[in-house]
2 protein chains.
Amino acid sequence: MKTINVGILGLGTVGAGTAETLLKQHDLIRDRSGIDVQLSRAADLNLDRDFGVEFPEGVLTQDARAVIQDPDIHIIVELIGGTGIAKTLILEALEAGKAVVTANKALLAEHGPELIAKAAEKGVDLFFEASVAGGIPIIKSLREGLVANPVNRICGILNGTCNYILTRMEREGVPFDEVLAEAQALGYAEAEPSLDVDGWDTAHKAVILAQLAFGLDVTLDEITVKGIRGMDAVDVQAAADLGYRIKLLAILEPEGRGIAISVQPVLIPLDHMLASVDMSFNAVLVDGEVVDETLYYGRGAGRLPTASAVVADIVDAARDLSLEVSERIPLRWQPDPAPQLTPRGEVQERSYLRLHLKDEPGTLGQVTRILGEHGISITAVNQKEGLAKDGRVPVLFLTGKAPVAELEAALAEFAALDPEGTVPLRYRVEELS
Amino acid sequence: MKTINVGILGLGTVGAGTAETLLKQHDLIRDRSGIDVQLSRAADLNLDRDFGVEFPEGVLTQDARAVIQDPDIHIIVELIGGTGIAKTLILEALEAGKAVVTANKALLAEHGPELIAKAAEKGVDLFFEASVAGGIPIIKSLREGLVANPVNRICGILNGTCNYILTRMEREGVPFDEVLAEAQALGYAEAEPSLDVDGWDTAHKAVILAQLAFGLDVTLDEITVKGIRGMDAVDVQAAADLGYRIKLLAILEPEGRGIAISVQPVLIPLDHMLASVDMSFNAVLVDGEVVDETLYYGRGAGRLPTASAVVADIVDAARDLSLEVSERIPLRWQPDPAPQLTPRGEVQERSYLRLHLKDEPGTLGQVTRILGEHGISITAVNQKEGLAKDGRVPVLFLTGKAPVAELEAALAEFAALDPEGTVPLRYRVEELS
């Protein structure tokens, strides 16, 4: 039986969980894979803490570079995070001819092509299953299980913190700020929550999925990213009354001239599987041309769920190493011609609008005229009595599909009708059928 | 670029769909995998029909053996079905050193070990992703994506016909026979529905999952199989009133001395993801020790969804062939010591009971006494006024966990209390948490 030696860089939550899993499940992995996968070294600058796992003698070190340069180590697992030293160390490991496994979504989203080019140059594996949707084997499913499928659409709930906040807002009618503060107190949300609640973490994952599903290289600043910060519980409740649930979704789909990608809160039908994904769980809906709709659900974060995906990558790399092959799954798919990103303004969306209209004759007429001028059809209107405030009444609209440019122009005109009033609000609506 | 040639045996629904997918998605597969996967030959005894796909000149043949023996063909795809000629041809293909892909669940459930032994002897791949849950990449997820996970439980909705019938019974309150007849008229159910509605198709898949998840070799006649034939809409409705939905589930989990496996209708909580799987869709819930709960959802049957999984296997085999390796994923996992099947009587289940009790003093007392004597606790009772018929009233019970042997003994005693009455009925209840 072949022995494959693994070195971990970074013993934070996921690094320690990966070490624990490699040690605890060693025999299971050996029996299932036919390979003796050994945790050889594990590096962290701060060794003076409890990792929740008992390391064998000689495994721990403070010297990451010694791990990379150790000729006995075949696979380097980068779990430091961030785009600084993590990038340098991955490039050094690839340069040294080591297979690399990482869970670093920010790094892949910002420097993926550079890392992949280096892995290709050296002819080694670079795996990153844990970078999208934590423990869910979504990258393997997309690249291997669905290899025969042109992708018609991907919709992902990819951030557990946002989904937890939205679930509690809907169930308990609690305001955003309150749920966020509680989530922070419980450790479910970071003290600096922007990466999660402003949608950036989801956007990192969308960038990675764009390359896997469409062979599209896109940068973070090219895609539309809107988070859930400051979301009003009123809209969460109104969506429920209309038969929808609001989820922060990454949506990627061929549309118009290219691939449309967005990260934003979206109203989805209550009876769709994606709407049942609650609390901190993640899910990815993949609509493939051959397979039709498929969905993958599980924990998108956490010490052990993420480690499950990291170790699956380690074993995949170990299989290739023990057979002395690499790039069994090509590192990169570059369709010819290269696909483009569809300009945001050309993307067609159904919408939920909440307008606060002056309580006077003719206002609703102005709204319907503006919508009509922009080619936006109205599919539902909901105005209830007794909600007037400051001389304005809230009116909810659901609209048919229209280009985002037209929707945004209409919104600007609504705002101009009443400069002192509440800013008009729009969310995407997606039937998912 | 390497060319890998594929021969298909059997051009029924899935065979024709596989041919269509190989032809139509040829360029996509080439671009994604870096391999030129060619449909070389396709054999069927009856070529005088419309396959819904245009075959290139020289591909069609009536001679399956010529395809197997063709030295230019690397992968044989068996889509004839059944356990007769299909088995012979697979063994011949393996003997000839060809990689084999099949979707034949009945054959794998009945002769899996023999086929796998032959593949191992010849050092070739034998893949069967499409045999469980159609287009859903569940086998790949279990063997590769979750390789580090001891499996705590698998619950699968694995038969679309049964799930379609149960969904319509619940939504419309229509009796079983009526929905079945309609499903047959629409082509969703076979004229001879036993394989589906009596649970045997689900059981075939459970046998395959038992080997993949636990390394347990079990035969069809060793596991408990109860289908949905004759299910009363009364129970479907009563379950809903109690907060549950009835699904035909394959459940596999370590319990007591070994692995407990059953196929039976089960009440599951309405708010669980599995309960949202409706109509003809399939889903598999895998609770892994490291990853926690994950779920895989999609179409479990059909021309193209099944072809999606078959072609994924073809591409996997092509990757191995083009790298000149095999058994990258070991054909078989044989834990030492070999796991056992837990005897049915020792399995602990919660239960839903429907008893028709004589409308006279003391009857309920007899029931509670019998339950108590068998160590079965009552967690809910529901008896409604005005439902008496023939001097009996229906009473529903939910019970705590108890060994199946005790539950069955209690049921026999209930039946003996009133030999002329309605036979007492029991379904498993599973909280899935």
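Key figures for this structure:
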| item | result |
| --- | --- |
| Failed item in (1) away from every other protein chain (no Cβ under 14 Å); (2) closer than 18 Å to B:Gly215 by Cβ, with B:Tyr188 passing the rest | (2) |
| Within the stretch A:239-263, considering residues that are β-branched (Val, Ile, Thr) and farther than 22 Å from B:His272 by Cα, the one surrounded by the fewest Cβ atoms within 10 Å (Cβ to Cβ) | A:Ile259 |
| Test: residue in the stretch A:85-99 that is over 19 Å from A:Lys118 (Cα atoms), of a type outside the set (Asp, Glu) and free of Cβ contacts under 8 Å to residues at least 60 places away in the same chain | no |
| Only listed residue being in contact (Cβ under 8 Å) with a residue 24 or more places away in the chain and over 30 Å from B:Ser262 (Cβ atoms), chosen from B:Leu387, B:Leu321 | B:Leu321 |
| Candidates A:Val266, A:Val236, A:Val277 - the one that is at pLDDT 95 or above, within 14 Å of chain B (Cβ to nearest Cβ), over 14 Å from the mean Cα position of the chain (by Cα) and buried (at least 23 other Cβ atoms within 10 Å of the Cβ) | A:Val277 |
| Scan of the stretch A:78-111 for residues that are among the hydrophobic types (A, V, I, L, M, F, W, C), within 24 Å of A:Glu222 (Cα to Cα) and part of a loop (DSSP other than H, G, I, E, B), ordered by number | A:Ala103 |
| Count of residues meeting criterion [surrounded by 14 or more Cβ atoms within 10 Å (Cβ to Cβ) and either within 15 Å of A:Gln348 (Cβ to Cβ) or not assigned by TED's automatic domain parsing to the domain that holds A:Arg354 (or both)] in the stretch A:372-397 | 2 |
| Sole residue being in a loop (DSSP other than H, G, I, E, B) and of a type outside the set (A, V, I, L, M), chosen from B:Thr368, B:Thr379, B:Thr422 | B:Thr422 |
| Residue satisfying all of: in the stretch A:137-151; more than 7 Å from chain B (Cβ to nearest Cβ) and either at pLDDT below 95 or assigned to a helix (DSSP H, G or I) (or both); surrounded by the fewest Cβ atoms within 10 Å (Cβ to Cβ) among these | A:Arg143 |
| In the stretch A:230-246, residue nearest to A:Glu178 (Cα to Cα) [restricted to those that are hydrophobic (A, V, I, L, M, F, W, C) and part of a helix (DSSP H, G or I)] | A:Ala233 |
| Qualifying residue in the stretch A:222-229 (condition: part of a strand (DSSP E or B), more than 14 Å from chain B (Cβ to nearest Cβ), in contact with a helix residue (DSSP H, G or I) (Cβ under 6 Å, 6 or more places away or on another chain) and at negative phi) | yes |
| Tally of residues being under 12 Å from A:Gly227 (Cβ atoms) and in contact with a Ser or Thr (Cβ under 6 Å, 6 or more places away or on another chain) across the stretch A:164-210 | 1 |
| Top-ranked residue of the stretch B:299-358 - restricted to ones that are more than 14 Å from chain A (Cβ to nearest Cβ) and small (Gly, Ala, Ser), ranked as farthest from B:Thr161 (Cα to Cα) | B:Gly345 |
| Matching residues, the stretch B:175-193, being in a loop (DSSP other than H, G, I, E, B) and within 21 Å of the chain's Cα centre (by Cα) | B:Gly187, B:Tyr188, B:Ala189, B:Glu190, B:Ala191, B:Glu192, B:Pro193 |
| Matching entry among A:Asp287, A:Asp271 (being among the charged types (D, E, K, R), in a strand (DSSP E or B) and assigned by TED's automatic domain parsing to the domain that holds A:Trp200) | A:Asp287 |
| Any chance A:Lys98 is buried (at least 23 other Cβ atoms within 10 Å of the Cβ) and either more than 14 Å from chain B (Cβ to nearest Cβ) or closer than 29 Å to B:Asp287 by Cα (or both) | yes |
| Residues that are in contact with an Asp or Glu (Cβ under 9 Å, 6 or more places away or on another chain), touching a residue at least 60 places away in the same chain (Cβ under 8 Å) and within 27 Å of A:Leu331 (Cβ to Cβ), drawn from the stretch B:1-28 | B:Lys2, B:Ile4, B:Asn5, B:Gln25 |
| Selection from the stretch A:2-46 of residues that are within 13 Å of chain B (Cβ to nearest Cβ), in contact with a Leu (Cβ under 9 Å, 6 or more places away or on another chain) and surrounded by fewer than 19 Cβ atoms within 10 Å (Cβ to Cβ) | A:Lys2, A:Leu23, A:His26 |
| Qualifying residue in the stretch A:112-130 (condition: surrounded by 24 or more Cβ atoms within 10 Å (Cβ to Cβ), in a helix (DSSP H, G or I) and within 14 Å of chain B (Cβ to nearest Cβ)) | yes |
| Answer from A:Arg245, A:Arg303 - the residue that is under 30 Å from A:Ile29 (Cβ atoms), over 17 Å from the mean Cα position of the chain (by Cα) and not aliphatic (A, V, I, L, M) | A:Arg303 |
| For A:Gly134: the one exception among (1) assigned to a loop (DSSP other than H, G, I, E, B); (2) within 14 Å of chain B (Cβ to nearest Cβ); (3) at negative phi; (4) touching a strand residue (DSSP E or B) at 6+ places or on another chain (Cβ under 6 Å) | (3) |
| Residues of the stretch B:30-48 classified as in contact with a helix residue (DSSP H, G or I) (Cβ under 6 Å, 6 or more places away or on another chain) and either not acidic (Asp, Glu) or not assigned by TED's automatic domain parsing to the domain that holds B:Ala317 (or both), total | 7 |
| In the stretch A:176-194, the residues that are crowded, with 16+ Cβ neighbours inside 10 Å and either farther than 30 Å from A:Val286 by Cβ or without any contact (Cβ under 8 Å) to a residue 60 or more places away in the chain (or both) | A:Phe176, A:Val179, A:Leu180, A:Ala183, A:Ala189, A:Pro193 |
| Complete set of residues in the stretch B:290-334 that are in a helix (DSSP H, G or I) and basic (Lys, Arg) | B:Arg303, B:Arg319 |
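The values are calculated or read from the model by the stated rules, or taken from the named source; none is laboratory data. Just so you know, these numbers come straight off a predicted model, no measurement behind them. A quick note on method: Cβ atoms are made from the backbone with ideal geometry, for glycine too, and the neighbour counts reach across all protein chains shown.
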